[in-house]
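Undergrad: Supplied in structure tokens, the structure appears directly below.
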Amino acid sequence: MTAATVSLGLENAPTTHPKLLAWVREVAELTTPDRIVWCDGSDAEWTRLTDELVEAGTLVRLNPEIKPNSFWARTDPTDVARVEERTFICSADEADAGPTNNWMAPAEMKRLMTDLYRGCMTGRTLYVIPFCMGPLTAERPMFGVEITDSAYVVASMRVMTRMGAHVLEAMGDDADFVHALHSVGAPLEPGQADVEWPCNQTKYITHFPEERLIWSYGSGYGGNSLLGKKCYSLRIGSVMGRDEGWLAEHMLILRLTSPEGKVYHVTGAFPSACGKTNLAMLEPTIPGWKVETLGDDIAWMRFGADGRLYAVNPEYGLFGVAPGTDYKTNPNAMRTIAKGNSLFTNVALTDEGDIWWEGMGEPPAHLIDWHGHDWTPDSGELSSHPNSRFCTPIKQCPILAESYEDPAGVPIDAILFGGRRKTTIPLVSEARDWVHGVFQGATLSSETTAAAVGQVGVVRRDPMAMLPFIGYNAGDYFGHWIAMGKGGGETPDAAKLPKIFYVNWFRRGDEGQFLWPGYGENSRVLKWVVERLEGRADAVDTAVGFVPTPAALDVSGLDLDPADVIAALKVDPEEWKAEIPQITEWFTKFGDKLPGVLWAELDALKARLGVE
Ligand code: GTP
Ligand code: SPV
Ligand code: MN
């Protein structure tokens, strides 16, 4: 059986890469698929796979006159988000996973998952997806190969990564690559009918950092199954960055042009579903300013020979939160998806064959909701899952920056850390220096969202918005950030480091209203940031950093209660004093691994607040 199975795809493999062939053979022998398909990334392949997925009921083709070449997918209701409880960093030494990750000894995890993988592709196709994170023209292209038994994953990976025959070609016979194995964990017995969204109630999202290896089982969803994204570009990527002196971060990247024509590049780390995509595609409301998109979720950053920090977006598509997206909040996302070639997951379907979700204007009289049920505005339920997503090619973004394809990346002027907090955190504050900025990042807090399974709205520390994505000990990660501030280029120079800012678009007033209008109006905060870089904006020197004076923040033309702006900018010593025990408890988790300079920053904050 085994030899026959393997010959189904291996004899005619479009590569002679010995390690790749050996790995595909090994996986096929373990998982016993019916056939092996080497993905070439062609249009014909996309058409064949999406046709098959429509046939299987996994996808519904949208009206081609409204959303050409686009599809609607509904997942199993239990498979809707990342599963942090089931995500593991299986480093050889438990200490290297640190206190923020789940850990299991690599051999034990491999034994357990090998049992799960045995025969798990029976009745299915094993797809081999050669992909590259970041431009293929990079000095060292960052190759990966994902093996999956899900055609939905293949279609999504085609949108989200550079993948296909040209990547396999570029790998030659000896390129290193990240091995990424995925199965939905739903073998089919002969004659057994498939379900629309195969998955398994048992899920594991596992990383073996020393081997640059990813094993994922049981989920077909987003960050659990598109292994180039969070698993490679952040968890494995962060380990590579630690070892090689760069940073893999959960950050948007944007290019900002001022009315004087000066160009700045900004990255922003906000936790999942806290505003990266929206800021990355922002349409400024203040005259003369221009934003261009470079990335909406992940940035790889390294020092250039000139001593500046450069960022590249390793991704090729946008996997954005659907609810809340419309022409008022994020017009550029709407224009991007309007061009088609997109997958929509767990949103609602209109009678015209278009998609709809909460926040997209007035609800239609009738929809099919994300459960597949009839829905009307009186249903009293959300039509779309709060973590429903659009998956669309970044090249379709009308404001994509030309430098997107530059393997050298763009030089970063400012880094924003941001969270979703109803209280305490001011709209924007500027760090005193790099180490203070790392302190702001390391103590970042945010309310949990629907992007991960679990309770929503609970405040937790989410350092650099990377809590679920740091592939090693978070104490060492803070140390790596501190070390990066010493300059990685040939001409280390602190003055060339990006300035760090901490933002919060989500502060609320007494009536529960957002104090700041957000979205396009965030351009006003970007303007203040730029004016700080240029040394010409006023700020108050507060206990937590430099905060705009109310006059320094441009609110011209905004219909806002001035009291709300003052409240959004407020640094309330009592609220901050309440943070101190939480930060102390958080830092204590890391024991000896926490860089001493961060304790010193906490002491300095306490002194400024007058706390013992
Ligand atoms: P991931 O893709 O999960 O990493 O999320 P993200 O950080 O890219 O968040 P995204 O931009 O998709 O926004 C998430 C949610 O926050 C959406 O429902 C947005 O409508 C909402 N949102 C984004 N920016 C703002 C803002 O400035 N103010 C307010 N009030 N809501 C915002
Ligand atoms: C996130 O949760 O930060 C996302 C979505 O960007 S996922 O790809 O599922 O990780
Ligand atoms: Mn994200």
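Undergrad: So what is the diffusion coefficient of segment 156-310 in µm² per second by Stokes-Einstein at 37 °C and 0.692 mPa s, using a Kirkwood Rh over Cα pairs?
TA: Using the Kirkwood radius from Cα pairs, D works out to 179 µm²/s.
Undergrad: Bin width 10 Å, origin at 0, all Cα-Cα pairs of segment 69-214: what percent of pairs per bin?
TA: So the P(r) values, bin by bin, are 10, 33, 36, 19, 2.
Undergrad: Calculate the FRET efficiency for GLU108 and GLU29 from the Cβ-Cβ distance with a Förster distance of 22 Å, rounded to the nearest 0.05.
TA: 0.50
Undergrad: Okay, next question. Residues with beta-carbon under 9 Å from that of PRO498, excluding PRO498: net charge, scoring Lys, Arg +1 and Asp, Glu -1?
TA: After counting each charged neighbour, the total is +2.
Undergrad: Another question, then. Please list 3J(HN,Hα) in residue order for segment 442-456, calculated via the Karplus relation 6.51 cos²θ - 1.76 cosθ + 1.60 where θ = phi - 60°; whole Hz, with x for glycine and proline.
TA: 5, 9, 3, 10, 7, 7, 5, 10, 6, 5, 10, 5, x, 5, 9
Undergrad: Within a Cβ distance under 12 Å of GLY535, other residues only, what is the Lys/Arg minus Asp/Glu net charge?
TA: Net of charged neighbours comes to -1.
Undergrad: In bins 5 Å wide, starting from 0, what share of all Cα pairs of segment 290-329 does each bin hold, as a percent?
TA: Taking every Cα pair in segment 290-329, the percentages come to 5, 18, 17, 21, 18, 10, 6, 4, 1.
Undergrad: Moving to a separate point now. Any idea of the accessible area per residue across the chain, 1.4 Å probe, to the nearest Å²?
TA: 37
Undergrad: A further question on this structure: Using a/c under 1.5 as the rounded threshold, could you call the chain rounded, prolate or oblate? The axes a ≥ b ≥ c are square roots of the C-alpha gyration tensor eigenvalues, and prolate needs a/b larger than b/c, oblate otherwise.
TA: Prolate.
Undergrad: Determine by what factor the alpha-carbon radius of gyration of segment 229-317 differs from 2.2 N^0.38 Å, reporting the quotient.
TA: Expressed relative to 2.2 N^0.38 Å, the Cα Rg reads 1.15.
Undergrad: Just check segment 322-435 against the gyration tensor rule for me: Cα atoms, a ≥ b ≥ c as the square roots of the eigenvalues, rounded for a/c under 1.5, and otherwise prolate or oblate depending on whether a/b exceeds b/c.
TA: Because a/c hits 1.5 or more and a/b fails to exceed b/c, segment 322-435 counts as oblate.
Undergrad: Can you list, bin by bin at 10 Å, the percent of alpha carbon pairs in segment 428-545, starting at 0?
TA: 11, 33, 37, 16, 2, 0
Undergrad: Compute the distance in nm between two label points, each set 7 Å from the Cα along the Cα-to-Cβ direction, one at SER379 and one at SER556.
TA: 4.6
Undergrad: Nearest-5 percent of antiparallel DSSP beta bridges in the chain?
TA: Here the share of antiparallel DSSP bridges comes out near 65 percent.
Undergrad: Calculate what fraction, in whole %, of the accessible area of the chain sits on carbon and sulfur atoms when a 1.4 Å probe is rolled over the protein chains.
TA: 51
Undergrad: Considering only protein heavy atoms, what is the solvent-accessible area of LYS395 at a probe of 1.4 Å, reported in Å² to the nearest 10?
TA: 100
Undergrad: Report the FRET efficiency, 1/(1 + (r/R0)^6), for TRP599 and ARG536, where r is their Cβ-Cβ distance and R0 is 30 Å, rounded to 0.05.
TA: Efficiency for this residue pair is about 0.30.
Undergrad: Helix-derived [θ] at 222 nm for the chain: sum -39500 (n - 2.57) over DSSP H runs of at least 4, divide by residue count, nearest 500?
TA: -7500 deg cm²/dmol
Undergrad: Now for a separate question. Work out the charge dipole of segment 322-443 with +1 on the Cβ of Lys and Arg and -1 on the Cβ of Asp and Glu about the Cα centre, then indicate which of SER429, THR325, ALA365 is farthest towards its positive end.
TA: SER429
Undergrad: Continuing with the same structure: Residue by residue through segment 603-612, which ³J(HN,Hα) values in whole Hz follow from phi under the Karplus form 6.51 cos²θ - 1.76 cosθ + 1.60 (θ = phi - 60°), with glycine and proline marked x?
TA: The phi angles translate into 4, 5, 5, 4, 4, 5, 8, x, 9, 5 Hz.
Undergrad: Evaluate the distance, in nm, between pseudo-label points positioned 7 Å from the Cα of LYS570 and of GLU85 along their respective Cα→Cβ axes.
TA: 3.8
Undergrad: Evaluate the relative contact order of segment 242-344 (contact order divided by residue number), counting alpha-carbon pairs under 8 angstrom at least 6 apart; express in whole percent.
TA: It rounds to 27 percent for segment 242-344.
Undergrad: Can you check what the Kirkwood hydrodynamic radius comes to for segment 172-241, Cα pairs only, in Å to one decimal?
TA: Kirkwood radius, segment 172-241: 13.3 Å.
Undergrad: Express in nm, to one decimal, how much length is gained between ALA165 and ASP51 on full extension, taking 0.36 nm for each residue of separation and deducting their alpha carbon distance.
TA: Stretched fully, the ALA165-ASP51 segment lengthens by 39.0 nm.
Undergrad: Calculate the translational D of segment 475-596 in whole µm² s⁻¹ from Stokes-Einstein, where the hydrodynamic radius comes from the Kirkwood formula applied to all Cα pairs, the temperature is 4 °C and the viscosity 1.567 mPa s.
TA: Rounded, D is 75 µm²/s.
The values are calculated or read from the model by the stated rules, or taken from the named source; none is laboratory data. No experiment lies behind these values; they were computed from the predicted model shown. With ideal geometry, Cβ positions are generated from the backbone for all residues, glycine too; neighbour counts draw on all protein chains shown. Just the protein is used for accessible areas: all its heavy atoms, side chains included, with ligands, DNA and RNA removed. Shrake-Rupley method; radii C 1.70, N 1.55, O 1.52, S 1.80 Å.
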